[in-house]
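Asks: Following this message is one structure expressed as structure tokens.
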Amino acid sequence: MTHRTVSDTGQRNEATHPSSAVVHFGAETPLLLEGGGQLAPWSIAYQTYGQLNAERSNAILICHALTGDQHVANVNPVTGKPGWWETMVGPGKPFDTNRFFIICSNVLGSCLGTTGPASINPATERPYALDFPVVTIRDMVNAQARLMDHLGIETIFCVAGGSMGGMQVLEWAASYPHRVFSAMPIATAAKHSAQNIAFHEVGRQAVMADPEWRKGRYLDEGTRPEKGLAVARMAAHITYLSEQALHRKFGRNFQDRMAPTFSFDADFEVESYLRYQGRTFVERFDANSYLFLTRAMDYFDLAKDHGGSLARAFSGSKTRFCVMSFTSDWLFPTRDSRAIVHALNAAGASVSFVEIETDKGHDAFLLELPDLFNTTRGFIDSAARAKGLTVNGVPTP
Amino acid sequence: MTFTTLQDDQYNARVDLHHLAAMVAEGSRVLDVGCGDGTLLRILAERRGADARGIELSQSGVNECVAKGLSVIQGDADSDLVFYPDQSFDYVILSQTLQAMNRPRDVVEHMLRIGRYAIVSFPNFGHWRIRLQLLFSGRMPVTKNLSYSWYETPNIHFCTIDDFTSLCKEIDAKIDDAVALDRFGIPVRTELPRSLWNFFGEQAVFVLSRENR
């Protein structure tokens, strides 16, 4: 993977010319959308790690979160930083690339090479912007299923992901139960809460209030709603942490000064940190993608799609589930995971559930936590034994 | 909901657990309520070929189980059994945990609803050594197997074998099998009349079902 400098054009290039493998689906193979209508032509960009075995039975699909991407375990072409789950994915890691074929694709509506609002609309030959259809979590999963078809993978050994990635995992298990041998929904929920919808709305309004947004046509007009998107990211970033973590990290410490300046400078470390988070985010993410993806999460309500019963979404499921939550996650609190577990119990499904003690908030699923690693390793290895997966003819330990 | 009465957690030394496992038919679906570190689940899976799942209250117990590849959820038997559908398991096991339940009667009734059989093992508070301790010292009994002082014990609902037998009657549970064990988990002399088990058994194992099924 070549290292690119962080630049305005870097992110835009990734939207239209990604540094990833891409499958193009032509006008004859449209993607039908949940909201009615269809997308054609459309593309899906993805990364893979490890080798697919001869039986095509060792594939693990990793689903990324809201502002994540397909670069799980390689240097990110936009930021130059390590992959977002390099701690979990690699040789000898819990998602062991020596034994498994790991796939991660950019979600539908995002901006790293899969079709989204920054892609060119063939009808106008301009970026879609708000002409892009409002897509859902189910649409994202259907797009991934088409990628699996293309790769010749019928049964996926494990579908795993956190946050919005966890929503995709649940949707996979409900929509394609026969194709999912095991599933790991982490720090997620079967429906987005009112509070979470509220935070997303604040973010969207911040983007749309930026005059540079130009009713979504900023790419045509050569502007960028950087201020609005940065504010959206700052607000969201607070929800990814916990009160304890913020206190431990920053307290009331001043930033490079001994006393307040009696101004609206970033006097406090926490202010400076949030401004930095906002600034770096706008360099790597498309503002319209942020609108569409937050909307997809808002619309997610798996029980509603199954007659109001979450258990019905999983009835008869043979998939082995491992649900994980984190004690200090207030965006997707443990009770959301517990609701999933109760539904799986009611459906008679095989489920493990671990709540991990940490003060690191929602973002804990991205961090190096021994309990997260040990649980993942134990679950994946036992599922591999149950499936009789072998590596070079040797059974899973 | 860890084991509170049996100190030895060595896989092979847990005679009582092997006894429990022997009561389970090969290849059954089993739910172990309060599965601790998962020792019984492992015995059930490895020796009885069971589809064995667990519920455990303590986070460390659950994490240990799942890291070992066992199918276990973090939950509270007092509040979470309600989410399991009727007759979804062949056996529901409550091993040495009955006395720590807030509502032991409700828990046993849920077990009978969820499983075809309920297997309950518990320490017998009617054992002669406990009776003598209370009689002579006039203080709450503390034994090798029940080692907590009264002010810190998680065991809030002790019962005797006779108490449990009468609970079974009250809730219309059929006793399919029962055995009294000594402190090592070995059955007490079976030629003893049942009325004496309450005196000589340090622990008991009951297999229950619903008569009308």
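Asks: Could you tell me whether B:LEU70 is modelled with pLDDT of 90 or more and more than 16 Å from the chain's Cα centre (by Cα)?
Replies: yes
Asks: Here's something else I'd like to know. Considering only region A:211-224, state which residues are free of Cβ contacts under 8 Å to residues at least 60 places away in the same chain and either among the polar types (S, T, N, Q) or touching a Leu at 6+ places or on another chain (Cβ under 8 Å) (or both).
Replies: A:THR223
So that you can scan it fast, the table gives a plain yes or no per residue for (1) touching a strand residue (DSSP E or B) at 6+ places or on another chain (Cβ under 7 Å); (2) under 25 Å from A:ILE120 (Cβ atoms):
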{"residue": "A:ALA209", "(1), (2)": "no, no"}
{"residue": "A:LYS215", "(1), (2)": "no, yes"}
{"residue": "A:ALA236", "(1), (2)": "no, no"}
{"residue": "A:SER242", "(1), (2)": "no, no"}
{"residue": "A:PHE254", "(1), (2)": "yes, no"}
{"residue": "A:MET258", "(1), (2)": "no, no"}
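Asks: Please go through region A:333-385 and give me each residue that is touching a Gly at 6+ places or on another chain (Cβ under 9 Å), crowded, with 24+ Cβ neighbours inside 10 Å and not in a helix (DSSP H, G or I), ordered by number.
Replies: A:SER352, A:PHE353
Asks: If I go through region A:258-286 residue by residue, how many of them are over 26 Å from the mean Cα position of the chain (by Cα) and without any contact (Cβ under 8 Å) to a residue 12 or more places away in the chain?
Replies: Of the residues in region A:258-286, 9 are over 26 Å from the mean Cα position of the chain (by Cα) and without any contact (Cβ under 8 Å) to a residue 12 or more places away in the chain.
Asks: Select, from A:SER350, A:SER315, A:SER337, the only residue that is polar (S, T, N, Q), within 19 Å of the chain's Cα centre (by Cα) and within 12 Å of another protein chain (Cβ to nearest Cβ).
Replies: A:SER337
Asks: All but one of (1) touching a Gly at 6+ places or on another chain (Cβ under 8 Å); (2) part of a loop (DSSP other than H, G, I, E, B) hold for A:ALA123, so report the exception by its number.
Replies: Just one mismatch for A:ALA123, condition (1).
Asks: If I filter region A:37-58 for residues that are surrounded by fewer than 18 Cβ atoms within 10 Å (Cβ to Cβ), of a type in the set (A, V, I, L, M), modelled with pLDDT of 95 or more and more than 22 Å from A:MET148 (Cα to Cα), do I get at least one hit?
Replies: No, region A:37-58 has no match at all.
Asks: Residues to consider are A:GLY116, A:GLY68, A:GLY161; find the one that is assigned to a strand (DSSP E or B) and surrounded by 21 or more Cβ atoms within 10 Å (Cβ to Cβ).
Replies: Answer to the check: A:GLY161.
Asks: Then there's this: Just give me the residues in region A:318-327 being crowded, with 21+ Cβ neighbours inside 10 Å and either hydroxyl-bearing (Ser, Thr, Tyr) or more than 12 Å from chain B (Cβ to nearest Cβ) (or both), in sequence order. I'd like the intermediate steps shown before the answer.
Replies: So in region A:318-327, the residues crowded, with 21+ Cβ neighbours inside 10 Å come out as A:319-326.
A:THR319, A:SER325, listed by residue number.
Asks: For A:PRO91, indicate whether it is out of contact with any helix residue (DSSP H, G or I) (no Cβ under 7 Å at 6 or more places or on another chain), assigned by TED's automatic domain parsing to the domain that holds A:GLU171, within 29 Å of A:HIS306 (Cα to Cα) and not hydrophobic (A, V, I, L, M, F, W, C).
Replies: No: the conditions fail for A:PRO91.
Asks: For region A:290-300, check the following and say yes or no: at least one residue is in a helix (DSSP H, G or I), touching a strand residue (DSSP E or B) at 6+ places or on another chain (Cβ under 9 Å), under 17 Å from A:ASP139 (Cα atoms) and among the charged types (D, E, K, R).
Replies: No, that holds for no residue.
Asks: Out of all the residues in region A:358-370, which are touching a strand residue (DSSP E or B) at 6+ places or on another chain (Cβ under 8 Å) and either at the interface with chain B (Cβ under 9 Å from one of its Cβ atoms) or in contact (Cβ under 8 Å) with a residue 40 or more places away in the chain (or both)? Write out each step before concluding.
Replies: Residues of region A:358-370 touching a strand residue (DSSP E or B) at 6+ places or on another chain (Cβ under 8 Å): A:358, A:360-362, A:364-366, A:369.
Answer for region A:358-370, where residues must be touching a strand residue (DSSP E or B) at 6+ places or on another chain (Cβ under 8 Å) and either at the interface with chain B (Cβ under 9 Å from one of its Cβ atoms) or in contact (Cβ under 8 Å) with a residue 40 or more places away in the chain (or both): A:LYS360, A:GLY361, A:HIS362, A:ALA364, A:PHE365, A:LEU366.
Asks: If I go through region A:284-332 residue by residue, how many of them are in contact with a Gly (Cβ under 9 Å, 6 or more places away or on another chain) and at positive phi?
Replies: So the count comes out to 1.
Asks: Determine whether A:ASP329 is of a type outside the set (A, V, I, L, M), in a loop (DSSP other than H, G, I, E, B) and out of contact with any strand residue (DSSP E or B) (no Cβ under 9 Å at 6 or more places or on another chain).
Replies: Taking the combined requirement at face value, the residue satisfies it.
Asks: Do we find that B:PHE83 is modelled with pLDDT of 95 or more and over 13 Å from the mean Cα position of the chain (by Cα) in this structure?
Replies: Numbers: modelled with pLDDT of 95 or more: no; over 13 Å from the mean Cα position of the chain (by Cα): yes.
So B:PHE83 fails the test.
Asks: Within the set of pairs 6 or more residues apart or between chains, which connect a residue that is under 12 Å from A:HIS64 (Cβ atoms) and at pLDDT 95 or above inside region A:76-94 to a residue that is among the hydrophobic types (A, V, I, L, M, F, W, C) and part of a loop (DSSP other than H, G, I, E, B) with Cβ atoms less than 6 Å apart?
Replies: Close Cβ pairs (under 6 Å, with a partner that is among the hydrophobic types (A, V, I, L, M, F, W, C) and part of a loop (DSSP other than H, G, I, E, B)) amount to A:GLY83/A:VAL72; A:GLY83/A:ALA73; A:TRP85/A:VAL72; A:VAL89/A:VAL72; A:VAL89/A:ALA73.
Asks: Let me ask something else. Of the conditions (1) outside the structural domain of A:GLY162 (by TED's automatic domain parsing); (2) part of a helix (DSSP H, G or I); (3) touching a Ser or Thr at 6+ places or on another chain (Cβ under 6 Å), A:ALA266 fails just one. Which one is it?
Replies: Going through (1) outside the structural domain of A:GLY162 (by TED's automatic domain parsing); (2) part of a helix (DSSP H, G or I); (3) touching a Ser or Thr at 6+ places or on another chain (Cβ under 6 Å) one by one, A:ALA266 breaks only (2).
The values are calculated or read from the model by the stated rules, or taken from the named source; none is laboratory data. Just so it is clear, the structure is predicted and the values come from calculations on it, not from any experiment. Heads up, the Cβs are rebuilt from the backbone with ideal geometry, glycines too, and the neighbour counts pull from every protein chain shown.
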